[in-house]
Structures are given as C-alpha cells and as structure tokens.
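Have a look at the structure below, then the notes.
The values are calculated or read from the model by the stated rules, or taken from the named source; none is laboratory data. Keep in mind that this is a model prediction, so the values were computed, not measured. Note: ideal-geometry Cβ built from the backbone for every residue, glycine included; neighbour counts use all protein chains shown. Note: accessible area is taken over every heavy atom of the protein model, side chains too, but ligands, DNA and RNA are not part of it. Shrake-Rupley method; radii C 1.70, N 1.55, O 1.52, S 1.80 Å.
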Amino acid sequence: MISTGAFNYINVLDKAADASWTRNTIIANNIANNDTPGYKRKDVQFESYLLNAIAGGDNLDKDIQDVDLSTLNANTYIDNSRLSYRIDGNNVDINTESAYLAQNQIRYYTLLDSMTQEFSRLSAVVNAR
C-alpha cells in the first residue's frame with residue numbers, strides 16, 4: 001500500500017483486488033467441497049463495506065481520500081447455513097459456483113486493469129515536459 005494522496009484510488013483498487021482474490025480462493029474451495037456431506041458454501045463480503053466507506057458525499061475524489069483503508073477488509077462468511085440443496089446437508093450448487101467463479105475472475109482482471117491505467121496516468125504526469 002502506498003501512503004500518499006496521489007495513490008488513493010490505487011490503494012482502494014488494491015483492497016478490492018485482494019478481496020476478489022480471496023473470493024476466488026473461497027469459490028474454488030466451495031467447488032472442491034461439492035461432494036462433501038454437510039459442507040456449507042462460503043462467500044466473501046467486501047463490496048458493501050466499500051460502498052459504505054465511500055457513501056454520503058458528492059465528491060468521489062474526497063470520499064476515496066477519506067477512506068480508512070485499515071478498516072476496509074474482506075470478511076468470509078458461511079452463506080445460507082440453514083439451506084441445503086441435498087439430503088446430505090451440502091448447499092453447494094456446482095453450476096452456480098462456476099458462474100460466480102467466472103464473474104469474479106472478470107472482476108479481478110478488471111480491477112488489475114484499472115490499477116494499471118492509474119499507474120499509467122501517474123507516469124504520464126511525472127514524465128510530462
């Protein structure tokens with residue numbers, strides 16, 4: 001994490017990418033436990049935390065600048081712990097997990113691309129004559 005105001009967007013994008021990477025690991029674990037009796041799917045909560053951290057202002061730059069990055073972390077939780085699709089108590093649906101995995105991979109690579117673009121903008125400013 002870079003601690004200067006010029007990198008606020010990059011720091012928030014970095015936190016979002018970390019959460020997406022964690023979600024990818026969790027989804028892969030859900031898929032691996034598809035046949036485990038009694039297993040309950042897990043997921044990651046991050047987006048709502050981010051929305052709460054930047055909500056309320058009219059100026060996104062100011063909202064991003066005011067984000068407390070130390071409190072902006074992903075939280076892993078058991079999803080629908082009482083719900084079960086099968087007699088064995090497992091609530092993992094392989095098709096749903098595969099769709100979530102594809103969606104999350106697109107999100108992750110989009111976040112990486114956004115960080116690359118931010119660094120390119122900063123580089124262009126630094127190298128401008």
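Structural remarks
- Considering only alpha-carbon pairs that sit under 8 angstrom and 6 or more positions apart, the relative contact order computed for the range 1-93 is 36 percent.
- Cα long-axis angle, helix 94-127 against the chain (0 to 90 degrees, to the nearest 10): 10
- Packing, as the average of other Cβ atoms within 10 Å across residues, places the peptides 112-118, 11-17 in the order 11-17, 112-118, highest first.
- Pairwise label distance in nanometres, Tyr109 with Asn127, each label 7 Å out on the Cα-Cβ vector: 2.5
- Candidate cross-link partners of Lys15 among the lysines, defined by an alpha-carbon separation under 23 Å and a same-chain spacing of 8 or more, comprise Lys42, Lys62.
- Rounded percent of accessible protein surface that carbon and sulfur make up, the chain, 1.4 Å probe: 53
- The shape of the chain comes out prolate: with a ≥ b ≥ c from the C-alpha gyration tensor, a/c is at least 1.5 and a/b beats b/c.
- Å² per residue, accessible surface of the chain at 1.4 Å: 64
- The stretch between Asn52 and Ser81, if pulled fully straight at 0.36 nm per residue, gains 7.9 nm over its current Cα-Cα span.
- Relative to the longest principal axis of the Cα atoms of the chain, helix 8-32 runs at roughly 10 degrees.
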